[in-house]
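*Asks:* Handing you this structure, nothing more for now.
The values are calculated or read from the model by the stated rules, or taken from the named source; none is laboratory data. These numbers were taken from a predicted model, which means no experiment stands behind them. No Cβ is skipped: glycine too gets one built from the backbone with ideal geometry, and neighbour counts run over all protein chains shown. Quick note on the areas: whole protein, heavy atoms, side chains included, nothing else; ligands and nucleic acids left out. Shrake-Rupley method; radii C 1.70, N 1.55, O 1.52, S 1.80 Å.
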Amino acid sequence: MLLVRMNTVKAIYPGTFDPPTNGHLDLIERGAKIVDHLVVAILRNSSKAEPLFTTAERAAMLTECVKPFGNVSVATFDGLLVDFARQVGARALLRGIRAISDYEYEFQMAMMNRKLAPELETIFMMPAEKYTYVSSRLIKGVYRLGGDVAELIPPLVLERLANKRGAVAPEGTGVDLVEGSPGDD
Ligand code: PNS
């Protein structure tokens, strides 16, 4: 007898992705294995500091990066994440937890999202150990100061970072690498 599975699970992997890192891609790969469809959703108007990459640039980079996966798409959203989730018919949110320092922020966000949309589950996954210290913020900071980040971001992101040279502060201007909240990835 042929069994037809009608109950497909769509999940959203939301974030700022400024820029996408290998840690993000690792999470995408893990998420894509356990859901039927994964939507990588870029927040358009973040309250964070001015992003280095425009939303369109981040969407283009992610679209290129997720090409190897047959069940991953890229979208942008504004407003409440739960509204976007309902709009696209997602049943779960995927978030990465790298270290205990991520936990408090992620827990608060998951609980607030549950309050707003009880039908939506948050799934936490851990990236590969080698990426547990990687964040977009650190990548930008280290790159700005001339550090080698080639093993931590996709090659195309490295290329786009190089194209942004004019936009990043030159070495020695006292750019603070560690400001921001734990969730500022
Ligand atoms: O990569 P980030 O910056 O940690 O992602 C944070 C993001 C985009 C998931 C979060 O800021 C978000 O969902 N923003 C949308 C607004 C919203 O729904 N806020 C209430 C959630 S508590």
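*Asks:* Hey, what do the phi angles of region 15-27 turn into as Karplus ³J(HN,Hα) couplings, whole Hz, using 6.51/-1.76/1.60 and θ = phi - 60°, x for Gly and Pro?
*Replies:* Along region 15-27, the couplings run x, 8, 6, 10, x, x, 10, 5, x, 4, 5, 4, 5 Hz.
*Asks:* If you take the charge dipole of the chain about its Cα centre, with +1 on Lys and Arg Cβ and -1 on Asp and Glu Cβ, which of PRO20, THR54, PHE77 is farthest toward its positive end?
*Replies:* The one lying farthest along the dipole's positive direction is PHE77.
*Asks:* Lys/Arg Cβ at +1, Asp/Glu Cβ at -1, dipole of region 76-147 taken about the Cα centre: which of VAL142, LEU94, PRO118 is farthest positive-ward?
*Replies:* VAL142
*Asks:* With charges set only on the Cβ (+1 for Lys and Arg, -1 for Asp and Glu), what does the dipole of the chain come to about its Cα centre, in debye to the nearest 20?
*Replies:* So the magnitude is around 500 debye.
*Asks:* Continuing with this model, one more query. On average, how much area does the Cα convex hull of region 92-161 cover when viewed from any direction, in nm²?
*Replies:* Details: hull surface 23.3 nm².
Average of the hull's projected areas for region 92-161 equals 5.8 nm².
*Asks:* Related question: Before I look further, what does region 16-152 give for accessible area per residue, probe 1.4 Å, in whole square angstrom?
*Replies:* 52
*Asks:* Over the chain, with every protein chain in place, what whole percent of the accessible area is carbon and sulfur at 1.4 Å, could you tell me?
*Replies:* Carbon and sulfur: 56 percent of the exposed surface of the chain.
*Asks:* Hey, another quick one. Can you tell me which lysines have their Cα less than 30 Å from the Cα of LYS115? Leave out same-chain residues fewer than eight positions away.
*Replies:* In chain and number order, the partners are LYS10, LYS33, LYS48.
*Asks:* Turning to a different aspect of this structure: Under the √(5λ) rule applied to the eigenvalues of the Cα gyration tensor, what semi-axes describe the equivalent ellipsoid of the chain? Give them in Å, descending.
*Replies:* Semi-axes from the Cα gyration tensor: 29, 18, 15 Å.
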